[in-house]
Amino acid sequence: LIKLETAINPILDYNILIAFNDLLDQIYENNIIPIESSLYFLKPVNKGKYKDYYEKITNPIDLSTIKSKITNRKYKSVAEFINDFELLHNNSLTYNGPSGTYSKTSQKLLDTCKDVIKYDYGEQLYELEKNIESNESISREEMDEQMSFYDESNQSSLMCTLGTSASLIASSGN
């Protein structure tokens, strides 16, 4: 039913994406940010203070980047969201080592993210994710159909244009 409704009204597709990212925002605001030491990861690492960080870490991420992705509705799957927390943790392990305070905090952020999704939001998130995926496949199919129709229409138009041009050239020669 949702597939049919979103095929008829594309705004519903966007509403599903909004609902999905709103749930992620609840996780972020209610479960991640309250972790006391999360402040270590709120902003990108200072290049001036830690000059070698960006030499060692080729794909940096921080909580403000994650928040921006939520705000801009960039997440379309639970895996994408969790992957960003895994990246945050792996970057910390690479730069700080496994026994450092920062790495322990990044592990806590990752564990909290996974636990909250698993025990509190998983069912809702995965249902919305399925709808996002099915709507994207419908959109791709519709786009393919439209492109096919467009190609056929253009071929007909081109043939008419070529025929008209040939007629004009022939008549101007007389």
| said: Residues that are in a helix (DSSP H, G or I) and within 17 Å of residue 31 (Cβ to Cβ): does segment 52-64 have at least one? | reply: yes
| field | Extreme residue, most open to solvent (accessible area, probe 1.4 Å), among residues of segment 22-47 that are assigned to a loop (DSSP other than H, G, I, E, B) and either of a type in the set (S, T, N, Q) or at pLDDT below 95 (or both) | value | 47
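So that you can scan it fast, the table gives a plain yes or no per residue for (1) more than 21 Å from the chain's Cα centre (by Cα); (2) more than 29 Å from residue 134 (Cα to Cα):
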residue: 29; (1), (2): no, no
residue: 32; (1), (2): no, yes
residue: 37; (1), (2): yes, yes
residue: 49; (1), (2): yes, yes
residue: 67; (1), (2): no, no
residue: 92; (1), (2): yes, yes
residue: 97; (1), (2): yes, yes
residue: 104; (1), (2): yes, yes
| Could you list, in sequence order, the residues of segment 74-86 that are open to solvent by 60 Å² or more (accessible area, probe 1.4 Å) and assigned to a loop (DSSP other than H, G, I, E, B)? | 74, 76
| message | Whether any residue in segment 119-134 is under 30 Å from residue 15 (Cα atoms), of a type in the set (Phe, Trp, Tyr) and open to solvent by 70 Å² or more (accessible area, probe 1.4 Å) is what I want to check. | response | yes
| Matching option when the condition is in contact with a Leu (Cβ under 7 Å, 6 or more places away or on another chain) and touching a residue at least 12 places away in the same chain (Cβ under 8 Å), among 57, 132 | 132
| Taking into account only those residues within segment 1-21 that are at pLDDT below 50 and in contact with a helix residue (DSSP H, G or I) (Cβ under 6 Å, 6 or more places away or on another chain), which is most open to solvent (accessible area, probe 1.4 Å)? | 3
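The values are calculated or read from the model by the stated rules, or taken from the named source; none is laboratory data. This is a predicted model, so every value here is computed, not measured. Glycine also receives a Cβ, built like all others from the backbone with ideal geometry; neighbour counts cover every protein chain displayed. What goes into the accessible areas is simple: the full protein's heavy atoms, side chains included, and nothing from ligands, DNA or RNA. Shrake-Rupley method; radii C 1.70, N 1.55, O 1.52, S 1.80 Å.
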